[in-house]
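Notes follow the structure.
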Amino acid sequence: MEVLRHVRERYPGVEVLVITGLDKVAPAVRAIKSGAAEYLVKPVAPEALEHALRRALTTRDLMRENASLRQHVALLEAGQRIATTLDRERLSNAASDALESMANASAVMLLERDPNGAGFRSHGMRGLPVDLHEALVPQLIERLSGARTPVELDGLQVPWPRTLSFPAVDGELVLGHAVLFHDSAPAEHHAETVGFLVRNWALALRNLGRFAAVEDLAYVDDLTRLFNTRYLHLVLDREVNEALQT
């Protein structure tokens, strides 16, 4: 029983068959409760052993498929949350959180294209000390200025051995870069996971740009480029509400 518990705790993907000469109900119940797939009493017919093995392997495969499906559902939900966010601060938080947790990154930095067209700027991070973040921003902006494909960044003075960057691309325009820092080699489907999240981040950034353009049309006069009366009423309402609250 100790060996059985040890195996189930340390290697949860392994199925265990117990074969014993002890033909009693109590140890069989304990074995099943401890995670044994089957409890077979000697002598065991080859057909019974084969059947037990097939059933144990089928159970293992089903559990793996279920775990994979749960991961895919979680990934889809995270992508949807990112893509439908129209607030810039909430977007950076949602994208950083998803990349850190679902890509198993030790730290994350997001670089976004400046709305005024002045290159890139840092807008969101996880797991980076403030002083290290400030030192890295100009280096990353310089090295990623022309990157349009995922790249591995070497030579950075960071405590993680691997640094990967993934661009958020919309047509011919690069809207940002997601920079991920890892303690070890990424998992097998790391690129697909990060690529999916970054594509949703790019979609959200594009929507934010369009939303800002619509706001500009609503509150700015086409000819003079000055704020119109609609914007005046908006600001007056806001100021009156703030005055009443104080």
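The values are calculated or read from the model by the stated rules, or taken from the named source; none is laboratory data. A quick note: this is a predicted structure, and the numbers were derived from the prediction, not measured. Every residue, glycine among them, receives a Cβ derived from its backbone with ideal geometry; neighbour counts consider all protein chains shown. These area figures cover heavy atoms from the full protein model, side chains too; ligands, DNA and RNA do not enter into them. Shrake-Rupley method; radii C 1.70, N 1.55, O 1.52, S 1.80 Å.
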Quick one: which of 140-146, 240-246 comes out on top by average Cβ neighbours within 10 Å, and what's the full order, highest first?
140-146, 240-246
Evaluate the distance, in nm, between pseudo-label points positioned 7 Å from the Cα of His233 and of Ser101 along their respective Cα→Cβ axes.
4.2 nm
Per residue and in cubic angstrom, what volume does the convex hull of the Cα atoms of the chain have?
233 Å³
Over 10 Å intervals from 0, what percent of Cα-Cα pairs in segment 126-246 sits in each interval?
11, 28, 24, 18, 16, 4
What is the diffusion coefficient of segment 171-224 in µm²/s, taking the Kirkwood radius over Cα pairs and the Stokes-Einstein relation at 37 °C with a viscosity of 0.692 mPa s?
234 µm²/s
Both in Å, the radius of gyration and Dmax of the C-alpha trace of segment 32-93 are 21.7, 68
Given R₀ = 41 Å, FRET efficiency for Ala26-Asp183 by Cβ-Cβ distance, to 0.05?
0.35
Under a Cβ-only charge scheme (Lys and Arg +1, Asp and Glu -1), can you give me the dipole magnitude of segment 1-102 about the Cα centre, in debye to the nearest 20?
300 debye
Rank Phe120, Phe211 by accessible area, highest first, at a 1.4 Å probe radius?
Phe211, Phe120
Residues with amide H under 5 Å from that of Gly124, placed H, sequence gap 5 or more:
Leu110
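Using 0.36 nm times the number of residues separating Glu172 and Ala135, minus their current alpha carbon distance, what extension gain do you get?
Answer, rounded to one decimal: 10.4 nm.
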Residue-wise HN-Hα coupling along segment 99-115, computed from phi with Karplus coefficients 6.51, -1.76, 1.60 (Hz; x: Gly, Pro):
5, 5, 7, 7, 9, 6, 8, 6, 7, 9, 10, 10, 10, 10, 5, 5, x
Would you please give the FRET efficiency between His6 and Ala243, computed as 1/(1 + (r/R0)^6) with r the Cβ-Cβ distance and R0 = 45 Å, to the nearest 0.05?
0.05
Which three semi-axes in whole Å describe the equivalent ellipsoid of segment 89-128, each the square root of 5 times a Cα gyration tensor eigenvalue, listed largest first?
21, 10, 7
